[in-house]
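Quick notes on the structure that follows.
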Amino acid sequence: MTRIGVARNILLETDPCAVDCVILPADVEDWSLLDHCGVRNALERDGWRFVAAGDWAVVLGDPTGRYAARISPFERAYQYFVELCRRHPGNRWLPTIHAATDLAGGGHLTVMELLIPRQIPDDDHPDPVWSSDEPDLATVRADVERTFSDCKTSVPWWGSLDVKPAHFLLDSEGQLKLVDPFGLAGAELYGLAESDYPSFCKLVPTEERRYMLQIPHFSQSYAAPQLRTLQAVIRAHDDAK
């Protein structure tokens, strides 16, 4: 799959202070050569600790409490959010991205400022703030909607626009910031892998799907039946080669 305008290697902010303040283990020369387990092990050895997990990734926080590392074993969409943030440096509605890279086997690492979830009820509707005419947010909204429209026609399994309240988090000064408005239709992606794995393989090269069954979603008990089915499908496909 071609990723439009998505940088694939480690990139740091041009602000020297921002780079100096990011606490990444000095013994890792090229993060892109590690898989998701290698990245997590390297960070935890350096004092980073588990903060949260979603369906696709886990988040670690650094020892200072200032930075977060999002680590995904299998990633097809988060890079678009990283690029959104990089197109609008200093926009108060987007987090600062300090580093990002694809990982061996199809994963992805993003290091950004640590954001805190709001204590609000779950809501499946867009956050009312999303329609605000505040200039910085209007700039972000126009880019998000344009990117969403472009990717909807070019990226397999592109999902719905996600600007619910849970996607607006707080920075250290209490400013709301948007995170991860783009996503994939995971049920469709894994559904194709289950029903027609050869076709799935044509869309996702081997090296980009190596850890597709290791996303946090499959560690949940309710996902166990699908996990077993997918393991059997993949095993049968590999045995037939």
Q) So, with a 1.4 angstrom probe, what is the percent of accessible area on the chain that is carbon and sulfur? A) 52 percent
Q: Give the accessible surface of the chain per residue, rounded to a whole number of Å², with probe radius 1.4 Å and ligands, DNA and RNA excluded.
A: 50 Å²
Q. Largest first, how would Glu188, Glu207, Glu134, Glu29 line up by accessible area (1.4 Å probe)?
A. Glu29, Glu188, Glu207, Glu134
Q. Which lysines have a Cα lying under 30 Å from the Cα of Lys164, excluding residues fewer than 8 positions away in the same chain?
A. Lys152, Lys177
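Nearest 500 deg cm²/dmol is fine: what mean residue ellipticity at 222 nm does the chain get from its DSSP H runs of n ≥ 4 alone, each adding -39,500 (n - 2.57), divided by its residue count?
The helix contribution divided over the chain gives -9500 deg cm²/dmol.
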Q) Along the three principal axes, how long is the chain when you take its alpha carbons, biggest first, rounded to the nearest angstrom? A) 55, 43, 34
Q.
Using a Cα-Cα cut-off of under 17 Å, which lysines could be cross-linked to Lys241, ignoring same-chain neighbours fewer than 8 residues away?
A. Lys202
Q. Between rounded, prolate and oblate, where does segment 51-109 land on the alpha carbon gyration tensor, with a ≥ b ≥ c its root eigenvalues, rounded for a/c under 1.5, else prolate if a/b exceeds b/c?
A. oblate
Q) What whole number of Å gives the distance from the Cα centroid of segment 29-76 to the Cα centroid of segment 169-183? A) 19 Å
(Q) Translational diffusion coefficient of segment 81-150 at 20 °C, 1.002 mPa s, Stokes-Einstein with Kirkwood Rh over Cα pairs, in µm²/s as a whole number. (A) 151 µm²/s
Q) What net charge do the residues around Pro165 carry, taking every other residue with its C-beta under 10 Å from that of Pro165, with Lys and Arg at +1 and Asp and Glu at -1? A) -2
Q) Per-residue HN-Hα couplings for segment 60-69, Karplus 6.51 cos²θ - 1.76 cosθ + 1.60 at θ = phi - 60°, whole Hz, x for Gly and Pro? A) 10, x, 7, x, 7, x, 9, 10, 10, 10
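The values are calculated or read from the model by the stated rules, or taken from the named source; none is laboratory data. The shown structure was predicted, so the numbers you read here are calculated from the model rather than taken from an experiment. Please note: Cβ atoms are built from the backbone with ideal geometry, for glycine as well, and neighbour counts cover all protein chains shown. All accessible areas refer to the heavy atoms of the entire protein, side chains included, with ligands and DNA or RNA removed. Shrake-Rupley method; radii C 1.70, N 1.55, O 1.52, S 1.80 Å.
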